[in-house]
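The values are calculated or read from the model by the stated rules, or taken from the named source; none is laboratory data. Keep in mind that what you see is a predicted model, and the values were worked out from it rather than measured. For neighbour counting, all protein chains shown are included, and Cβ atoms are generated from backbone atoms with ideal geometry for every residue, glycine included.
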Amino acid sequence: MIPGSVQSAVSKHLNCKINGFSAISGGCINEGGKLSTSQGDFFIKWNNKEQFPHLFEKEKAGIKTLSETKTIYLPEVVCAGEAEEWQYLILEFIVSTGHSKFFWKDLGRQLAELHHHKNSHFGLSYNNYIGSVVQNNMYHLTWPQFFENQRLRPLLKELELANRVDAKFIESFEQLYARLGEIFPEEQPCLLHGDLWSGNVISDKRGMAYVIDPAIYYGHREAELAFTRLFGGFEIDFYESCEHHFPLEGGFDERMEVYHLYPLLVHAILFGDSYLQPVKRIINHFS
């Protein structure tokens with residue numbers, strides 16, 4: 001149930017009466033669901049503000065940045081705030097139906113158009129979150145530098161400090177770091193959703209694709225497409241549409257697993273050491 005202090009804050013902010021709440025499962029760190037009010041239905045999620053400082057403010061900023069590109073559909077932010085020990089985020093409630101015939105094809109076009117929004121450096125002006133893991137975004141001039149120093153090393157350090165990996169495991173990455181420049185093709189930094197997997201794609205009442213829970217930064221667009229293929233993958237129409245609107249450089253399938261190292265390390269931190277086994281296999285293959 002929604003904490004009383006959050007209910008009071010939301011009711012005051014929206015100038016509404018709260019009529020009901022229906023929990024929706026799926027998130028691993030937030031409580032959330034459909035909030036019915038005298039002003040209509042909204043989606044609300046909340047968590048402890050001390051445990052995840054400014055998480056929803058970072059998400060709100062990410063949604064704003066993505067929305068300003070006018071390329072992909074996202075739920076609109078209604079408000080974000082704090083109440084006692086809680087932080088909360090209110091979003092437009094998307095009435096989901098089945099996928100339209102053009103769902104995956106249209107999502108591929110949307111993503112390709114998003115990736116045409118460029119930047120001079122890899123990273124972002126602030127750190128944010130991927131799930132409950134802090135995502136480091138200090139700017140770098142090259143993707144290999146950024147991927148090594150802002151994506152792999154911080155997570156490896158966290159695992160090492162928790163005594164979940166040993167020095168030999170950390171050292172096994174050194175040979176890979178030396179090869180990143182030859183593995184990754186050069187591309188200008190582009191805006192990424194950052195956490196694009198099937199659980200973060202929904203449909204609206206028309207059956208069109210919406211994306212949720214972004215973890216934005218300016219990165220290599222291959223990292224985004226590799227992410228979509230890690231946990232089950234999207235439909236073939238999505239990949240064909242991406243390729244049609246913004247073709248990849250040849251050899252992506254061969255280097256794709258290197259990009260997987262980052263989300264696998266995130267999952268190892270969040271969900272356990274079983275995710276370290278594919279990490280070891282990838283490192284052994286590429287180093």
**Complete:** Being closer than 19 Å to Val201 by Cα, of a type in the set (Lys, Arg) and at pLDDT 95 or above narrows Lys34, Lys58 down to just Lys34
**Complete:** If we ask which residues in region 124-156 are part of a helix (DSSP H, G or I) and either under 14 Å from Tyr262 (Cβ atoms) or not assigned by TED's automatic domain parsing to the domain that holds Gly194 (or both), their number turns out to be 13
**Message:** Just to check your reading of the model, which residue among Ala268, Ala215 is among the hydrophobic types (A, V, I, L, M, F, W, C), within 25 Å of Leu66 (Cα to Cα) and crowded, with 16+ Cβ neighbours inside 10 Å?
**Reply:** Ala215
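Per-residue answers, yes or no, for (1) farther than 23 Å from Leu192 by Cα; (2) in contact with a Gly (Cβ under 9 Å, 6 or more places away or on another chain); (3) in a strand (DSSP E or B):
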site	(1), (2), (3)
Lys60	no, no, no
Lys64	no, no, no
Val78	no, no, yes
Gly81	yes, no, yes
Lys101	yes, yes, no
Leu111	no, no, no
**Request:** Pull up region 35-52, narrow it to residues that are part of a loop (DSSP other than H, G, I, E, B) and polar (S, T, N, Q), then point me to the one that is farthest from the chain's Cα centre (by Cα).
**Result:** Ser38
**Message:** Consider region 157-176. How many of its residues are touching a residue at least 12 places away in the same chain (Cβ under 8 Å), among the small types (Gly, Ala, Ser) and assigned to a helix (DSSP H, G or I)?
**Reply:** 0
**Item:** Among the residues listed as Phe102, Phe93, Phe122, the single one being buried (at least 20 other Cβ atoms within 10 Å of the Cβ), of a type in the set (A, V, I, L, M, F, W, C) and either at pLDDT below 95 or over 20 Å from Ser5 (Cβ atoms) (or both)
**Value:** Phe122
**Prompt:** Can you name every residue in region 41-89 that is in contact with a helix residue (DSSP H, G or I) (Cβ under 7 Å, 6 or more places away or on another chain) and of a type in the set (Asp, Glu)?
**Reply:** Glu84
**Complete:** Out of (1) out of contact with any Leu (no Cβ under 6 Å at 6 or more places or on another chain); (2) under 26 Å from Asp106 (Cβ atoms); (3) surrounded by 16 or more Cβ atoms within 10 Å (Cβ to Cβ), the one His244 does not meet is (3)
**Asked** In region 202-233, how many residues are modelled with pLDDT of 95 or more, of a type in the set (A, V, I, L, M, F, W, C) and under 30 Å from Glu148 (Cβ atoms)?
**Response** 8
**Prompt:** Among the candidates Ser172, Ser203, which residue alone is surrounded by fewer than 21 Cβ atoms within 10 Å (Cβ to Cβ), over 25 Å from Pro278 (Cα atoms) and among the hydroxyl-bearing types (Ser, Thr, Tyr)?
**Reply:** Ser203
**Asked** Say we look at region 178-200 and pick out the residues that are free of Cβ contacts under 8 Å to residues at least 40 places away in the same chain and out of contact with any Ser or Thr (no Cβ under 9 Å at 6 or more places or on another chain); which of these is surrounded by the fewest Cβ atoms within 10 Å (Cβ to Cβ)?
**Response** Glu182
